[in-house]
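Here's the structure we're looking at; comments come further down.
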Amino acid sequence: MKEILLRTVRRVGTSGAPSDVRIVDGLVTAIAPAGTLDPTDVDTDVVETAGAWLGPGLVDHHVHFDQWALVRRRVDVSACDSAEATADLLAEVARTGVADRVLIGHGYRDGMWPRPARRALLDRIEPRLPIVVISGDLHAVWCNAAALEHFSGVVGRPLVAGDDGVLREQDAFDVTGALSRVPDEVLDGFVADAVEAAAARGVTRVTDLEMTFGLDRWTRRVQAGTDGLRVDSGVYPADLDAAIRRGLRTGDVVEGTRGLVRTGPFKVITDGSLGTRTAATASGDGVLVWSFEDLVAMLRRAVDAGLVPAVHAIGDRANTLALDVFEAVGARGTIEHAQLLADTDLERFARLGVAASVQPEHAMDDRDIADRYWAGMTERAFPFASLDRAGARLLLGSDAPVAPLDPWVSMAAAVGRDRDGREPWHPAERLGVLTAWRGSTEGGRVGVAVGDVADLVLLEADPLAATGSGQLRRARVLATAIAGRFTYRDV
């Protein structure tokens, strides 16, 4: 029997009266006034918390974990405000000689650049060195001629870009997928470091929507000792047949992972993104990947096999299509992103039982781009409060590496809709702290009760007492635990 005794904690969602909390074999077994619980075993781990705040562990409902782990090793170009500045930064890196095969940058956002990307800017850095710059939203890659030639061979078909050197949507996904094929031991090491970083921010579970099938990779990682997160690993259309043959159902625990890995949702992408200007809007802009009939057939097949749909939809036309498909199939699930919505679609989320899985920091990253490319429509963009008022269930996440895998960043953006000292953007769509907290915890839990699985976070301050986004962004995590096992501890 493994016992932990947390002394003098204050529980989130209560009056804050100090309590002692006993955890035995991964469950919260007793909560009593501070000073009234004693260890029952000589080996009990007694943690004196000095009045720290105890809450349920935090969940990031949408990540691309391998990409997040890899991005942490790539050249960050997110601060570059032009194509020229991006090329200059990459040229400086190239001169160091650290990139012997491919030079990879990440995080460019060209929606506000004064001049567009041009392949020639990258070609002149080092003509023989393949150079790839991945957009911040992952829906585009900017390549030099050497990269286009190299990756045409890797993916087995010509990759043709115009003078800008930019590949979009599926071509971009194929290149980023090829870049992700590094030796298992290397990638697993990167992932282990990223898991530790997530645990240090209070995260106990992620929904991993990496585009390549991940259940077997996560099983291998857990068995090798990377056990700091619970992971729901999603399935994409390319792997649907294999998933059905294996009898995989959303929520099923994978054998040999000590309960840490489960089959996640069935992920389908219906349109592009705002940053790449491929989101499908009612004005006719953007791209739709699937027809209504094809989506209905595919989702029905997945649902009949026990997989819960998670449908990527960013533009209002794509969101209407996704809701129409959910209604036709009669299934529940999630719409991932839900960034631009028609007013008439707000109530449909609750009525159809479709949760809105949103990434609030995207609103801060893309507010200027939205004002330019969705001019006249931004009162319907990232409509968090409107969805909440309509009764929709909100799930918060990061879409890492598009935004940092940090639930405090997500909550801050949802609550404040502000960053970097700027005025709040469409402040009427701010969420209350409690709603943001519920959207960031397992099953919408607020506090900790007897009988709960001890997936927990210990905090320096009460998150529900935060009076602004700054306090949330600066939140200090003291400890994180999964089933009573510390995955991070600074107390």
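The values are calculated or read from the model by the stated rules, or taken from the named source; none is laboratory data. These numbers were taken from a predicted model, which means no experiment stands behind them. All Cβ positions, even for glycine, are placed from backbone atoms using ideal geometry, and neighbour counts span all protein chains on display. Protein only, heavy atoms only, side chains kept; ligands, DNA and RNA dropped before computing areas. Shrake-Rupley method; radii C 1.70, N 1.55, O 1.52, S 1.80 Å.
Remarks
- Residue match in segment 392-415 (condition: open to solvent by 20 Å² or more (accessible area, probe 1.4 Å) and small (Gly, Ala, Ser)): no
- No other residue among Arg230, Arg205, Arg246, Arg201 is charged (D, E, K, R) and over 17 Å from the mean Cα position of the chain (by Cα) apart from Arg246.
- Counted residues, segment 416-430 - those being part of a loop (DSSP other than H, G, I, E, B) and either charged (D, E, K, R) or open to solvent by less than 10 Å² (accessible area, probe 1.4 Å) (or both): 7
- Within segment 1-29, the residues that satisfy the criterion of being open to solvent by less than 20 Å² (accessible area, probe 1.4 Å), out of contact with any Phe, Trp or Tyr (no Cβ under 8 Å at 6 or more places or on another chain) and not in a loop (DSSP other than H, G, I, E, B) are Glu3, Ile4, Leu5, Leu6, Ser19, Asp20, Val21, Ile23, Val28.
- Residue selected from segment 136-147 under the condition in a loop (DSSP other than H, G, I, E, B) and under 17 Å from Asp81 (Cα atoms), by the criterion nearest to the chain's Cα centre (by Cα): Asp137
- Only one of the numbered conditions (1) over 28 Å from Arg476 (Cα atoms); (2) free of Cβ contacts under 8 Å to residues at least 60 places away in the same chain is violated by Ser180, and that is (2).
- Residues that are under 17 Å from Asp324 (Cα atoms), assigned to a loop (DSSP other than H, G, I, E, B) and in contact with a strand residue (DSSP E or B) (Cβ under 8 Å, 6 or more places away or on another chain) within segment 254-285 comprise Thr270, Ala280, Thr281, listed in sequence order.
- Ala381 out of contact with any strand residue (DSSP E or B) (no Cβ under 8 Å at 6 or more places or on another chain), open to solvent by less than 30 Å² (accessible area, probe 1.4 Å) and either under 20 Å from Val358 (Cα atoms) or aliphatic (A, V, I, L, M) (or both): no
- In the set (1) without any contact (Cβ under 8 Å) to a residue 12 or more places away in the chain; (2) touching a Phe, Trp or Tyr at 6+ places or on another chain (Cβ under 7 Å), the condition left unmet by Ala310 is number (1).
- Any pair with Cβ under 7 angstrom, 6 or more apart, that starts in segment 431-453 at a residue that is among the small types (Gly, Ala, Ser) and ends at one that is part of a helix (DSSP H, G or I) and buried (at least 23 other Cβ atoms within 10 Å of the Cβ): Ala436/Met411; Ala436/Ala414; Ala436/Val415; Ser440/Pro407; Ser440/Ser410; Ser440/Met411
Residue-by-condition table, conditions (1) open to solvent by 50 Å² or more (accessible area, probe 1.4 Å); (2) part of a loop (DSSP other than H, G, I, E, B); (3) under 19 Å from Asp163 (Cβ atoms):
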position: Cys80; (1), (2), (3): no, yes, no
position: Glu84; (1), (2), (3): no, no, yes
position: Glu92; (1), (2), (3): yes, no, no
position: His106; (1), (2), (3): no, no, no
position: Met112; (1), (2), (3): yes, yes, no
position: Pro116; (1), (2), (3): yes, yes, yes
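- Helices (runs of 4 or more DSSP H) fully within segment 158-242 that include at least 1 residues being of a type in the set (Lys, Arg) and either open to solvent by less than 10 Å² (accessible area, probe 1.4 Å) or in contact with a helix residue (DSSP H, G or I) (Cβ under 7 Å, 6 or more places away or on another chain) (or both): 215-223.
- Test: residue in segment 51-70 that is surrounded by fewer than 17 Cβ atoms within 10 Å (Cβ to Cβ) and either at pLDDT below 95 or closer than 29 Å to Val261 by Cα (or both): no
- Subset of segment 94-104 that is under 18 Å from Ala145 (Cα atoms) and part of a loop (DSSP other than H, G, I, E, B) - its residue that is nearest to the chain's Cα centre (by Cα): Val102
- Total residues in segment 287-306 satisfying the condition of being free of Cβ contacts under 8 Å to residues at least 40 places away in the same chain and touching a helix residue (DSSP H, G or I) at 6+ places or on another chain (Cβ under 7 Å): the figure is 7.
- Some residue of segment 118-126 being in contact with a strand residue (DSSP E or B) (Cβ under 6 Å, 6 or more places away or on another chain) and assigned to a helix (DSSP H, G or I): yes
- Leu248, sole failed condition from (1) part of a loop (DSSP other than H, G, I, E, B); (2) buried (at least 22 other Cβ atoms within 10 Å of the Cβ); (3) touching a helix residue (DSSP H, G or I) at 6+ places or on another chain (Cβ under 6 Å); (4) not small (Gly, Ala, Ser): (3)
- Candidate set from segment 118-135 (those that are open to solvent by less than 20 Å² (accessible area, probe 1.4 Å) and under 31 Å from the mean Cα position of the chain (by Cα)); member that is farthest from Ala178 (Cα to Cα): Leu122
- Among the residues of segment 288-307, those that are buried (at least 17 other Cβ atoms within 10 Å of the Cβ) and either closer than 25 Å to Val141 by Cα or touching a strand residue (DSSP E or B) at 6+ places or on another chain (Cβ under 9 Å) (or both) comprise Leu288, Val289, Trp290, Leu295, Met298, Leu299, Ala302, Val303, Ala305, Leu307.
- From the options Thr281, Thr334, residue that is surrounded by fewer than 24 Cβ atoms within 10 Å (Cβ to Cβ) and either touching an Asp or Glu at 6+ places or on another chain (Cβ under 8 Å) or among the polar types (S, T, N, Q) (or both): Thr281
- Qualifying residue in segment 58-66 (condition: assigned to a strand (DSSP E or B) and in contact with a Lys or Arg (Cβ under 6 Å, 6 or more places away or on another chain)): yes
- Among the residues of segment 439-479, those that are of a type in the set (A, V, I, L, M), assigned to a strand (DSSP E or B) and open to solvent by less than 60 Å² (accessible area, probe 1.4 Å) comprise Leu456, Val457, Leu458, Leu459, Val477, Leu478, Ala479.
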